[in-house]
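Below: one structure in structure tokens.
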Amino acid sequence: MRIRGVLLGAAAATSVAAAAPLQGQEASLLLGGIHTAYADSLSGTAATIGARLRLQTTGVWTQLEGFATRFTTGGWATQGAGGLLLLQGLSPHVAVGLRADGSANSIEDGPWSAIGSGGPYVVASTNGWIAAAGATVGGVRTIDFVTSSLVTGVARLTHMSGSWTVDLRASSSWADSIRFFDGLAGLTYTDPHVTISATGGIRTGDLGDDPWVQGQLEWRIIPYLGLELAVGTYPADLTGFTSGFFASAGFRVGTRRLGVPKERDVSVRRLGEERTEATFLVRDATDVAIAGEWNAWTPMPLARIDGSHWRATLPLGPGAYRFALVLDGDRWVVPRGVPVLPDDFGGEVGLLMIGGEVR
């Protein structure tokens, strides 16, 4: 059984920025409820418990998650999903690698379905835009006990600017005699406390012509605790379920600290309308650079001003800018004292906040 929405999550991330992924990990638990309705299959209200494990190091991103759902009318449904992405940078703007993802769903004393695929991937970035393309080969097992091969080609274009992210995707899939096309457009707003996203798309071809729309809200109430809400529709899929509707709500408790820590390793000082001096405390590096959306994520060296402080004058006026520090040419980190945000490609970036006063 496939239940959509934030409570059960996506199978895996599909790409990362061409810049090397930041190091990080997450282990979280979600408790909540969901109401779902399928046009010809199943409907009901259920309580849900789930867990997510995510690990990210330079060039490697992986995620595993599983959920169990108990319907008020009786009976259990379970879902598991996982993803792996390996990337090797060819230049500051281009990376190539392999991606694989899959998921499995089952209903107590009922049918189960699964889908999985893997293949090559390429990512390129410039001037705040990130483009990715790839092809995967795999297989699918439907709830009707039919297995078939699966081939998919996908292209993705993303633009990140401050707290806003625009995401455009297109893919074509073939599973034996079934062919269909997906188009998607999404807009996401993220700050240290809230993430709001709205996504819409259409699926056309042998599975029907089903438009769909989804909205999600994550409110980070305190560090380690967040409220997640989602509502929307979804199209018919290859595993055999028809189009339907869902609404979900739940609390997520995790080990990944959200928000701004008390310690600060960052200070900024406005020098002019479009000039800002930024100073960072970094103790364990011999070379430090800064990369951000304003320079197409190309590392720019910082000047060492003493044993542990590094400084640069940036061409930035008031606002919020996504960035990361690059230590010794290969370690991408977010310093303490700035909000930590998802980069919408499986990693994290910092948010450099610049005020309006010139000092």
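Please list 177-189, 130-142 highest first by mean number of surrounding beta-carbon atoms within 10 Å per residue. Could you put the intermediate results ahead of the total?
Details: 177-189: 15.1, 130-142: 18.8.
With the highest mean Cβ count within 10 Å placed first, the list reads 130-142, 177-189.
Got a sec to turn the phi values of the range 225-233 into Karplus ³J(HN,Hα) couplings, 6.51 cos²θ - 1.76 cosθ + 1.60 with θ = phi - 60°, whole Hz, x for Gly and Pro?
Per residue, the Karplus-derived 3J(HN,Hα) values read 9, x, 9, 10, 10, 7, 8, x, 10 Hz.
Once both labels are modelled 7 Å past Cα along the beta-carbon direction, what's the Ser308-Thr233 spacing in nm?
Between Ser308 and Thr233, the simple spin-label model gives 5.7 nm.
Report the residues of the range 228-254 in range of a label on Thr73: point 7 Å along Cα→C-beta, backbone N strictly under 17 Å from it.
241-247
Using the count of nearby Cβ atoms within 10 Å as a rough guide to exposure, how do Thr286, Thr69, Thr204 rank from fewest to most? Present the calculation step by step, with values, prior to reporting the outcome.
Numbers: Thr286 9, Thr69 25, Thr204 15.
Fewest-to-most Cβ neighbours within 10 Å comes out as Thr286, Thr204, Thr69.
Give a quick list of trypsin sites (Lys or Arg not before Pro) in the range 270-326 that DSSP marks as loop, anything other than H, G, I, E or B, with at most 10 other Cβ atoms within 10 Å. Show your work: numbers first, answer last.
On the way: sites: Arg270, Arg275, Arg283, Arg304, Arg311, Arg322; in loops: Arg283.
Those that pass, being in a loop and sparsely packed, are Arg283.
Can I ask one more? Under a plain spin-label model, where a point goes 7 Å from the Cα along Cα-to-Cβ, how far apart in nm are Phe181 and Glu273?
4.6
Search the structure for amide H atoms under 5 Å from the amide H of Val194, placed 1.01 Å from N in the peptide plane, and list their residues when 5 or more places away or on another chain.
Arg220
With 10 angstrom as the radius, rank His159, His309 by how many other C-beta atoms surround their C-beta, starting from the fewest. Walk me through the numbers before you get to the answer.
Values: His159 14, His309 17.
Placing the least packed residue first, the sequence is His159, His309.
Say each of Thr45 and Ala170 gets a label point 7 Å from the Cα, pointing the same way as Cα to Cβ; how far apart are those two points in nm?
4.3
Using θ = phi - 60° and the Karplus curve 6.51 cos²θ - 1.76 cosθ + 1.60, what whole-Hz ³J(HN,Hα) does each residue of the range 141-153 get, with Gly and Pro shown as x?
For the range 141-153, the Karplus-derived couplings read 10, 8, 5, 9, 6, 9, 10, 7, 6, 9, 10, 9, x Hz, x marking Gly and Pro.
P(r) of the range 24-254 in 5 Å steps, Cα pairs, percent per bin?
Pairs per bin, as whole percents: 1, 6, 11, 15, 20, 20, 16, 8, 3, 1, 0, 0.
Expressed as a rounded percentage, what relative contact order does the range 266-354 have, with Cα pairs under 8 Å and six or more residues apart? Let's see the in-between values first.
On the way: 194 pairs, mean separation 25.7, N = 89.
Once divided by the residue count of the range 266-354, the mean separation gives 29 percent.
Considering the convex hull of the alpha carbon atoms of the range 114-209, report its projected area averaged over all viewing directions, in nm², one decimal.
On the way: hull surface 30.3 nm².
The Cα convex hull of the range 114-209, projected and averaged over all directions, gives 7.6 nm².
Please give the FRET efficiency for Phe145 paired with Arg283, using the beta carbon to beta carbon distance and R0 = 56 Å, rounded to the nearest 0.05.
Details: r = 59 Å, r/R0 = 1.05.
Using R0 = 56 Å, I get an efficiency of 0.40.
Work out how far the C-alpha atoms of the range 266-354 reach from end to end along every principal axis, then list the three figures in whole Å, largest first.
34, 32, 22
Hey, fewest Cβ within 10 Å first, where do Asp210, Asp287 land in order? Walk me through the intermediate numbers first.
Values: Asp210 19, Asp287 14.
The most exposed by this proxy come first: Asp287, Asp210.
Can you compute the charge dipole magnitude of the range 24-254 about its Cα centre, using +1 on each Lys and Arg Cβ and -1 on each Asp and Glu Cβ, nothing else charged? Give it in debye, rounded to the nearest 20.
Values: 11 positive and 17 negative charges, 110 e Å.
The dipole of the range 24-254 has a size of about 520 debye.
Related question: Can you list residues whose amide H is under 5 Å from Ser148's amide H, if they're 5+ apart or on another chain and H is modeled 1.01 Å from N?
So Ser148 has HN proximity to Val140.
Rule-based calculations on the coordinates, nothing more; no lab input. Small disclaimer: the values here were computed from a predicted structure and weren't measured. Counting neighbours? That spans all protein chains shown, and the Cβs are built from the backbone with ideal geometry, glycine included.
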